[in-house]
Amino acid sequence: METVMGSRPFLRCREDCVYLRRPTGNQPNWGNKLMPLPESMNMSMLSIETSSYCNEFAVPYPTYFHPSTYIDVIHWQKQVRSRKRRYLFSFAGAPHPTMNYSIRVQIINQCLTSKNTCKFLDCNSRANKCGTPVQVIKVFRNSIFCLQPPGDSYTRCLMFDSILAGCIPVFFHPYSAYAQ
């Protein structure tokens, strides 16, 4: 790859770079065709998800976990490993606003009917309990498995928080983890 004045240009996408790979023509009226342009092939694209483009690299979402020292990390790891978990499963999320038949609706319904084994944290815009890091981490620390169905993209920001809380993520699509 070429460099510009000794460095290689890069672009950090806020969301998945799929929005920058839209072809022209009769496509949805969002996104653009920045990535396929010859001028962009020399640029590194940093995104939450990666694809088959050779210049695209996955960078995880930021998490709620911000230790100050190495000792803080060790203390956190000890807490996570020794934790007695109350729930077999948990799901922190909301129904997808435009996909009425998504798996999220089924997960929420199953979780609500299995209160002793599954904990549901409602991220609906009205309740939005997921906006509070303490509540999210508390649910994940009390669960063995964290259900991670895709949303607007295959990768969810809460997936990384669940891993840090010692909760094993359960993926519903290969692009959520394995095809990255």
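Relative to the current alpha-carbon distance between residue 101 and residue 144, full extension at 0.36 nm per residue lengthens the span by 12.8 nm. On the beta carbon distance between residue 129 and residue 42, with R0 = 25 Å, the FRET formula returns roughly 0.05.
Counting only protein heavy atoms and a 1.4 Å probe, tell me what percentage of the stretch 110-150's accessible area is made up of carbon and sulfur.
Values: 1160 of 2290 Å².
Here it works out to 51 percent.
For residue 44, the amide hydrogen comes within under 5 Å of the amide hydrogens of 10, 11, counting only partners 5 or more places away or on other chains and with H modelled in the peptide plane.
All other residues with a Cβ under 13 Å from the Cβ of residue 117 taken together, and with Lys, Arg as +1 and Asp, Glu as -1, what is their net charge? Before the final figure, lay out the partial values.
Values: positive: 85, 86, 115, 119; negative: none.
After counting each charged neighbour, the total is +4.
Straight-line reach from residue 119: which lysines have Cα under 20 Å away, leaving out those fewer than 8 places along the same chain? Cross-link targets: 84, 129, 138. When peptides 73-79, 105-111 are sorted by average Cβ neighbour count within 10 Å, with the highest value leading, the order is 105-111, 73-79.
Peptides 135-148, 59-72 ranked from most to least packed, by the mean per-residue count of other Cβ atoms within 10 Å: 135-148, 59-72. Dimensions of the stretch 78-117 from C-alpha coordinates, computed as largest minus smallest value along each principal axis and given longest first, are 41, 20, 10 Å.
Assuming R0 = 41 Å, what is the FRET efficiency of residue 10 and residue 73, from their Cβ-Cβ distance, to the nearest 0.05?
0.90
Scanning residues 5 or more positions from residue 121 or on other chains, those with amide H under 5 Å from its amide H are 91, 92, 93, with H placed 1.01 Å from N in the peptide plane.
The values are calculated or read from the model by the stated rules, or taken from the named source; none is laboratory data. Only a predicted model underlies this, so the values are computations on that prediction, with no experimental measurement involved. Note that each Cβ is placed from the backbone with ideal geometry, even for glycine, and that neighbours are counted across all protein chains shown. Only protein heavy atoms, including side chains, enter the accessible area calculation; ligands, DNA and RNA are left aside. Shrake-Rupley method; radii C 1.70, N 1.55, O 1.52, S 1.80 Å.
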